[in-house]
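Since every read-out is calculated from the coordinates, none of them should be taken as a lab result. Just so it is clear, the model here is predicted, and its values are computed rather than measured. Methodologically, a virtual Cβ is constructed for each residue, glycine included, from the backbone with ideal geometry; neighbour enumeration extends over all protein chains shown.
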Amino acid sequence: MNKDLRKVVIAGNWKMNKTRPEAKALIEELKPVAAKATCDVVICVPFTNLETALDATKGTNIKVGAQNCHFEKSGAFTGEVSADMLAEMGVEYVVLGHSERRQYFGETDVTVNKRVKAALAAGLKVILCVGELLEQREQGVTEEIVGMQTKIALQGVTDEELKNVIIAYEPVWAIGTGKTATAEQANEVCKYIRSVIADLYSMADACEFVIQYGGSMNAKNAEELINQPDVDGGLIGGASLKAADFGVILEAGSNCIA
Ligand code: PGA
């Protein structure tokens, strides 16, 4: 498929890292590095850093995202943050369905779908995470798992809304483990996800749909992964906390061979 139809999106997932002063310092380091990038640059920061990140990135090419949101507009949901609250602040992106949310906080495909719909209704762009566990890969059901996660998460999402969705394929066994999927493994699953999008929507939608790889992407392996025909960028955890490493990944994203 023609990669020219898609942009490359490199997103940092800071997870539960950085106090406000630390966040400000990292963003100041990132600014000159990101300024050279021709791909899209996003940083998804903890809720407490959103305001700092929005202020510090004003007038730059760095976009700001959150790492989750609740599906109700407001109400008795202690500890949760709504999509409207994020949108009102000027936050542009939100990561949803991350495997750490599924693993440690009981999120399911159904609650991820609710969150996706709420985020899109609020005007946010969604980075939807899908991915198989190691035993699922070993059992040969990667496509079934990733296909099911994709289909359920996108239930009720219209063609028009799909333009504001990116999928991050993140094999759970590769997250934070230093084990990266090979470029071929990453491409194979991203390609499969694209075929699911084509079935659910249309071939034209699938051709324009951005699919990232995530899971131990770093300064060394980014170029090979991002140059795969169906990989349109990355969702980067650990390596997004180091400006120099993130800079190398942004360079790989900017020089991606179509
Ligand atoms: P990692 O995390 O790059 O540290 O493996 C990726 C992610 O969880 O989004």
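Answer with one residue from 49, 167, 76: the one whose Cα lies farthest towards the positive end of the charge dipole of the chain, charges on Cβ with Lys, Arg +1 and Asp, Glu -1.
49
For the peptides 118-129, 230-241, what is the packing order when you average, over each peptide's residues, the other Cβ atoms within 10 Å and list the highest mean first?
Values: 118-129: 22.3, 230-241: 24.8.
Per-residue mean Cβ counts within 10 Å order the peptides as 230-241, 118-129.
Would you kindly state how much longer the chain becomes between residue 198 and residue 89 on full extension, computed as 0.36 nm times their sequence separation minus their alpha carbon distance, in nm to one decimal?
On the way: separation 109, 0.36 × 109 = 39.24 nm, distance 3.38 nm.
In short, 35.9 nm is gained.
R0 = 35 Å: FRET efficiency of residue 73 with residue 22, Cβ-based, nearest 0.05?
Working: r = 32 Å, r/R0 = 0.91.
Approximately 0.65, to the nearest 0.05.
Tell me, what is the percent relative contact order of the chain, built from C-alpha pairs under 8 Å that lie six or more residues apart? Don't skip to the end; give the middle numbers.
On the way: 517 pairs, mean separation 60.2, N = 258.
Relative contact order, the chain: 23 percent.
With viscosity set to 0.890 mPa s and temperature to 25 °C, compute the Stokes-Einstein D of the chain, Rh being the Kirkwood radius across alpha carbon pairs; µm²/s, no decimals.
136
By counting other Cβ atoms within 10 Å of each Cβ, how are 78, 60, 158, 142 ranked from fewest to most?
Details: 78 4, 60 14, 158 11, 142 20.
Lowest to highest Cβ neighbour count: 78, 158, 60, 142.
Estimate the FRET efficiency between residue 242 and residue 188 by the formula 1/(1 + (r/R0)^6), using the beta-carbon distance for r and 35 Å for R0, to the nearest 0.05. Numbers along the way, then the final one.
Working: r = 29 Å, r/R0 = 0.83.
Calculated value: 0.75.
Using a cut-off of under 20 Å, list every residue of region 217-235 whose amide N is near the label point 7 Å from the Cα of residue 38 along the Cα-to-beta-carbon line.
Counting backbone N atoms under 20 Å from the label point, the list is 222-234.
Hey, what do the phi angles of region 229-241 turn into as Karplus ³J(HN,Hα) couplings, whole Hz, using 6.51/-1.76/1.60 and θ = phi - 60°, x for Gly and Pro?
Running phi through 6.51 cos²θ - 1.76 cosθ + 1.60 with θ = phi - 60° gives x, 10, 9, 10, x, x, 10, 10, x, x, 6, 7, 8 Hz.
How far apart, in nm, are the 7 Å Cα→Cβ label points at residue 164 and residue 151?
Reported label-point gap for residue 164 and residue 151 is 2.6 nm.
Do any of 3/151; 36/73; 24/191; 73/179 go past 30 Å between their Cα atoms, and which?
From the list (3/151; 36/73; 24/191; 73/179), the Cα-Cα distance tops 30 Å for 36/73; 24/191; 73/179.
Figure the gain on full extension for residue 110 and residue 48 (residue separation times 0.36 nm, minus the Cα-Cα span) and round it to one decimal in nm.
Details: separation 62, 0.36 × 62 = 22.32 nm, distance 2.68 nm.
Going from the current span to full extension adds 19.6 nm.
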